[in-house]
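In what follows, a structure is listed as structure tokens, so that the remarks can point back to it.
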Amino acid sequence: MNKTAKDNSVTFPTWKIVQLGTGLRTGMYFDAALHENNCLVEWWGDDLMRRVYISKQPLSVSLARITCKQLGLENEYVARELVYEKAIAAGLKPCPGEVGPQLRLQYLDQPVGETIYVGMEPVISSNDYPGIFVVQRGSAPKGMSPLDSMCSEAVVSTSGARNILDGTYGM
């Protein structure tokens with residue numbers, strides 16, 4: 001974490017740049033592309049993918065990893081709403097929902113054991129449950145699933161629209 005000398009504010013270095021608006025027009029196209037790349041998508045993830053806005057124009061979103069502690073949140077698990085409140089106060093905002101499936105496709109070399117929670121406005125599933133995307137890699141195939149829970153670590157944006165991404169959420 002870097003602090004600027006002028007105003008003591010926190011700056012977040014870029015972790016990854018994700019491209020949106022890549023030509024995959026619907027959740028069904030994302031589903032096919034994910035399966036072609038040997039990515040496991042849970043049924044609820046499929047459901048959410050069909051409900052997020054997909055950009056029609058190319059757009060780059062810069063993301064940076066940040067812990068809740070860096071946002072001044074000391075507890076091991078913190079409610080998503082509080083994480084978002086603190087991140088917005090730091091000049092960030094939630095990612096577009098498309099970041100979830102695009103990140104899964106653009107981060108195929110994700111290390112085993114890493115879990116990334118996309119900091120986005122929750123999408124209401126077909127069973128009326130709010131969820132966010134989780135991009136993970138266990139010992140099984142690379143995966144993507146939904147979750148709405150709590151956070152101890154987050155990944156956020158550093159440029160452009162200033163989007164929040166990811167973390168370690170726990171039940």
Of the residues in the range 89-123 that are β-branched (V, I, T) and in contact (Cβ under 8 Å) with a residue 60 or more places away in the chain, the one that is surrounded by the fewest Cβ atoms within 10 Å (Cβ to Cβ) is V123
query = Looking at N75, is it polar (S, T, N, Q) and either in contact with an Asp or Glu (Cβ under 7 Å, 6 or more places away or on another chain) or on the phi > 0 side of the Ramachandran plot (or both)?
reply = no
Of the residues in the range 71-88 that are in contact with a Lys or Arg (Cβ under 9 Å, 6 or more places away or on another chain) and surrounded by 17 or more Cβ atoms within 10 Å (Cβ to Cβ), the one that is farthest from T26 (Cα to Cα) is L73
A careful count of residues in the range 60-86 that are without any contact (Cβ under 8 Å) to a residue 60 or more places away in the chain, under 30 Å from G21 (Cβ atoms) and either touching a strand residue (DSSP E or B) at 6+ places or on another chain (Cβ under 6 Å) or not charged (D, E, K, R) (or both) gives 0
Residue hits (the range 1-42; closer than 18 Å to L92 by Cα, basic (K, R) and at pLDDT 85 or above) are K16
Over the range 36-45, the set of residues surrounded by 12 or more Cβ atoms within 10 Å (Cβ to Cβ), part of a helix (DSSP H, G or I) and not aromatic (F, W, Y) is G45
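The values are calculated or read from the model by the stated rules, or taken from the named source; none is laboratory data. Remember, it's a predicted structure, so these values are computed and weren't measured experimentally. Using ideal geometry, Cβ is built from the backbone for each residue, glycine included, and neighbour counts are taken over all protein chains shown.
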